[in-house]
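The structure under discussion appears below in the form of structure tokens.
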Amino acid sequence: MSTQDPPPGRPVVDPDVDLSVPAQRAETAGAGKWRVLAAIAAGGAAGTTARYAASLAWPTAEDGFPWAVFAVNVAGCALIGVLMVLTAERGRLTHPLVRPFLGVGVLGGFTTFSTYAADVSKLLARQEAVTAMAYMVATAVAALGAVWGAAALTRALVDGRGRRA
């Protein structure tokens, strides 16, 4: 059994589907779709609340750099790296609602592309083009690096723990 196969007797269910492919719509058909929607909604409420709390704890001054949004997006990407290793790659978290709740809901609500884009726009409106471009590039590089680094560390920890057992 590969790390992506379900336990014996359980169907393959991937909530991250391409809904344009009819065969991939099984988990969103019938009454099951409401469980997935509820998990996403609950996770989204938790994620957006956490992001709002971060913005209150680390507010951006009117003429300041949006450090809270930068930190939230990078931290969220690191957590997505951890989640994807534990669910999709290593099969450590197998409940069918884990990825919709944590991935789409919590981390989707926690991270924010719209606020990032609005912050870039504000920097440009203040004639801070160099800062805006640096913010754009730094966010992309740091976010991708966070996903990669967290995924690599999680793989090492999970695989190392498996060898010792």
- Under the Karplus relation with 6.51, -1.76 and 1.60 and θ = phi - 60°, whole-Hz ³J(HN,Hα) for the range 55-72, x at Gly and Pro, equal 5, 6, 6, 9, x, 8, 5, 3, 10, x, 8, x, 5, 5, 5, 4, 5, 4
- Put Y116, Y52 in order of accessible area, largest first, probe 1.4 Å, and you get Y52, Y116
- What is the local net charge at A71, summed over the other residues whose Cβ is closer than 15 Å to its Cβ (Lys, Arg +1; Asp, Glu -1)? 0
- At 10 °C and 1.306 mPa s, grab the translational diffusion coefficient of the range 35-118 from Stokes-Einstein with a Kirkwood Rh over Cα pairs, rounded to a whole number in µm² per second. 119
- Query: Counting other Cβ atoms within 10 Å of each Cβ, which GluC sites (Glu not before Pro) in the range 39-148 have at most 15 and sit in a DSSP loop?
  - Reply: E62
- Message: Can I get the semi-axes of the range 68-165's equivalent ellipsoid? Compute them from the C-alpha gyration tensor as square roots of 5 times the eigenvalues, in angstrom, largest first.
- Response: 33, 15, 7
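The values are calculated or read from the model by the stated rules, or taken from the named source; none is laboratory data. Only a predicted model underlies this, so the values are computations on that prediction, with no experimental measurement involved. Glycine gets a Cβ as well: all are built from the backbone with ideal geometry, and neighbour counts include every protein chain shown. Only protein heavy atoms, including side chains, enter the accessible area calculation; ligands, DNA and RNA are left aside. Shrake-Rupley method; radii C 1.70, N 1.55, O 1.52, S 1.80 Å.
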